[in-house]
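To start, the structure under review is shown below, and the notes come after it.
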Amino acid sequence: MATLKAHLFSREVLPFYLSLLALAVAALLCDAALHLLGAVWVGRWLGIPGVVLIVLSLVYSARKRKRIAWGKPATLLRWHEYLAWAGSLLVLVHAGIHFNAILGWLAVWAMLVNVASGLTGKFLLERARRRLEAARAQLRAQGLTPEQLAERTYWDSLTFDAVTQWRSVHFPITLAFAVLAVGHILAVMLFWSWR
């Protein structure tokens, strides 16, 4: 049992926290490098490519919802994860440690909650899928018919279907982030000293 817990921790929990930790460490290192190089002003502009990368990551969502027909969903999902991570990194460096815009910081916190939500869904969904497939494989090995297999995995299938509904939580979080980010961008455009 202890081996199972250790395996579960190393395979399920650790990658989730390492992904979040990698984002935080990368943001701190980039921000520190800009400060050391005397190029803090660069961080002011990193929000723009960061938002562009995050918007590009939404191609996966458009494909999943059949708004576009091109691209393989599995490939687009990987690109969604990479682009959203890189965009979030740039936005975090853009935010830096400067606490001068409440709307901007609300957008950053919404983005971080969104990233955590995405990673949670990714790991939960993968774990539920593996568990269901393992149960089905074990039952197939026992020689069950497809009807018996469906009956015996009924509750596992229902659980898997419930986990796939995680997206219904992730979407409103994404929407909140988008509204706050757009509000921040509009505020910057209105109050920026354009001289």
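The values are calculated or read from the model by the stated rules, or taken from the named source; none is laboratory data. Everything numeric here is computed off the predicted structure, so don't read it as measured data. Neighbour counts run over all protein chains shown; Cβ positions are idealised from the backbone, glycine included.
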task = Test S157 against the criterion of being of a type in the set (S, T, Y) and modelled with pLDDT of 80 or more, and give yes or no.
result = no
query = Looking at (1) farther than 14 Å from A178 by Cβ; (2) among the β-branched types (V, I, T); (3) crowded, with 20+ Cβ neighbours inside 10 Å, which is the one condition that is false for V91?
reply = (1)
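Can you report the number of residues in the range 34-83 which are on the phi > 0 side of the Ramachandran plot and without any contact (Cβ under 8 Å) to a residue 12 or more places away in the chain? First the steps, then the outcome.
Going residue by residue through the range 34-83, those that are on the phi > 0 side of the Ramachandran plot are 38, 66, 71.
With the extra rule that they be without any contact (Cβ under 8 Å) to a residue 12 or more places away in the chain, the set shrinks to 38, 66.
Residues in the range 34-83 being on the phi > 0 side of the Ramachandran plot and without any contact (Cβ under 8 Å) to a residue 12 or more places away in the chain: 2 in total.
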query = So which pairs qualify, if the first residue must be in the range 107-130 and not assigned by TED's automatic domain parsing to the domain that holds E81 and among the charged types (D, E, K, R), the second must be surrounded by fewer than 16 Cβ atoms within 10 Å (Cβ to Cβ) and in a helix (DSSP H, G or I), the Cβ gap must be under 7 Å, and the two must be at least 6 apart or on different chains?
reply = R127/E12
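The rows are residues; the columns are (1) aliphatic (A, V, I, L, M); (2) surrounded by fewer than 12 Cβ atoms within 10 Å (Cβ to Cβ).
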site	(1), (2)
L149	yes, no
R152	no, no
L158	yes, yes
H170	no, no
F191	no, yes
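Need at least 3 residues that are of a type in the set (V, I, T) per element, so show me which helices (runs of 4 or more DSSP H) inside the range 8-73 make the cut, counting only ones lying wholly within it. Can you show your working first?
Numbers: elements: 14-36, 40-45, 47-57, 59-64.
Of the helices (runs of 4 or more DSSP H) lying wholly inside the range 8-73, those with at least 3 residues that are of a type in the set (V, I, T) span 47-57.
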query = Would you say L21 is surrounded by fewer than 12 Cβ atoms within 10 Å (Cβ to Cβ) and under 14 Å from the mean Cα position of the chain (by Cα)?
reply = yes
inquiry  = Against the definition (in contact with a Pro (Cβ under 6 Å, 6 or more places away or on another chain) and surrounded by 16 or more Cβ atoms within 10 Å (Cβ to Cβ)), how does L132 come out, yes or no?
reply    = no
